[in-house]
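The values are calculated or read from the model by the stated rules, or taken from the named source; none is laboratory data. These figures come from a predicted structure and were not determined experimentally. Note: ideal-geometry Cβ built from the backbone for every residue, glycine included; neighbour counts use all protein chains shown. Only protein heavy atoms, including side chains, enter the accessible area calculation; ligands, DNA and RNA are left aside. Shrake-Rupley method; radii C 1.70, N 1.55, O 1.52, S 1.80 Å.
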Amino acid sequence: MASTRLVEADSRRPGRPETGGALDLAGRMPRLVLESRRVSGTLAHGLHGRRRAGPGESFWQFRPFVTGEAAARIDWRRSARDDRLYVREREWEAAHNIWIWIDRSASMGFASDLAQTSKVERALVLGLALADTFVDGGERVGLLGLTRSSAARGIVETLAQSLVNDSAGLTQDLPPAAQPGRFDETVLISDFLTPLDALRASVQTISARGTHGHLVMVVDPVEETFPFTGQAVLHDPEGNTSLDIGEAGAWGEAYRQRISAHREGLSEIARQRGWTLTIHRTDRPATEAALRVLTLVAAARGLG
């Protein structure tokens, strides 16, 4: 039978004390920073080099002049080389913001021996790896409601330090009531084990200006299968309450039905706003979820 554990609050910060000092982030974050960089290093950079015509300074390509275009767009030097007229196109550089929120509340500290890691560690690795990859692709990234967006090469360390200093985030199981810009993207990473009405209101607030979003639901395999038998006591890590349920096996089917209904409700919330939902199990590699999110963001931007 699977065994479970719940990591303490200090372990829901982005790092472990025993690995502290490696990147001099106030004794925090190094192991997860390194893991995030490993994950981002294996990703296909779907957003790297937009290769799209638009306003900007970087030259992209010459293309044939089309009748009806303004003559001022013609590159006469290039056109003088042969019998055709050419237009100089610049690469699109109008980067929009991508905002990431990583749930670090008590329920995210859950881990079973069927998983590779706790939910919160996987969420942190995913969020930071995505930030690193987005910045490498020319995007500006920030933590929703916590930092400004930035395209700095040291984005992982910057976001990590902000998370280390954000003690309030250890008790918040919903994203902050921020309203990003119309063309921004949000990536919310959580187990989303909160009432659907609260989740719906949160998503509506974030998307009020037309912001597109992506929900990444991180789950432990035990939370899906409930493989327990015998006498059991359920503990609520958020509310510090316990419930003696008696024979665990008798609860299994009802539990799985509730989880399925909750997940369908979450999926409907995403569909209503035109958002996406990715479900990631912690017994699977982090790269699977990261690649899917990159693909979804690229598709939303029309870059895929």
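Pick out, from the stretch 81-166, the strands (runs of 3 or more DSSP E) lying fully within it that include 2 or more residues that are over 15 Å from HIS280 (Cβ atoms).
Result: 86-90, 97-102, 140-143.
Name the helices (runs of 4 or more DSSP H) wholly within the stretch 215-304 that hold at least 3 residues that are modelled with pLDDT of 95 or more and not β-branched (Val, Ile, Thr)?
On the way: elements: 221-225, 252-273, 286-300.
It comes to 252-273.
Here are some conditions: (1) open to solvent by 20 Å² or more (accessible area, probe 1.4 Å); (2) in a loop (DSSP other than H, G, I, E, B). PHE192 meets all but one. Which one does it not meet?
Failing condition for PHE192: (1).
For the stretch 138-155, how many residues meet the condition of being over 26 Å from SER202 (Cα atoms) and touching a Lys or Arg at 6+ places or on another chain (Cβ under 8 Å)?
Here the count works out to 2.
Filter the stretch 73-106 down to the residues that are touching a helix residue (DSSP H, G or I) at 6+ places or on another chain (Cβ under 8 Å) and at pLDDT below 85, then identify the one that is farthest from ALA178 (Cα to Cα).
Only one residue fits best here, namely VAL87.
Would you mind telling me which numbered condition in (1) out of contact with any strand residue (DSSP E or B) (no Cβ under 8 Å at 6 or more places or on another chain); (2) free of Cβ contacts under 8 Å to residues at least 40 places away in the same chain ASP132 fails?
Among (1) out of contact with any strand residue (DSSP E or B) (no Cβ under 8 Å at 6 or more places or on another chain); (2) free of Cβ contacts under 8 Å to residues at least 40 places away in the same chain, the lone unmet condition for ASP132 is (2).
Here is a check on your reading of the model: is GLY145 open to solvent by 10 Å² or more (accessible area, probe 1.4 Å) and modelled with pLDDT of 90 or more?
yes
Report yes if some residue within the stretch 120-133 is surrounded by fewer than 20 Cβ atoms within 10 Å (Cβ to Cβ) and assigned by the TED database to the domain that holds ARG281; otherwise report no.
Our first condition is that a residue be surrounded by fewer than 20 Cβ atoms within 10 Å (Cβ to Cβ); within the stretch 120-133, this holds for none.
Scanning the stretch 120-133 turns up no residue that is surrounded by fewer than 20 Cβ atoms within 10 Å (Cβ to Cβ) and assigned by the TED database to the domain that holds ARG281.
Tell me, please, whether a residue that is on the phi > 0 side of the Ramachandran plot and open to solvent by 50 Å² or more (accessible area, probe 1.4 Å) can be found in the stretch 157-169.
No: zero hits.
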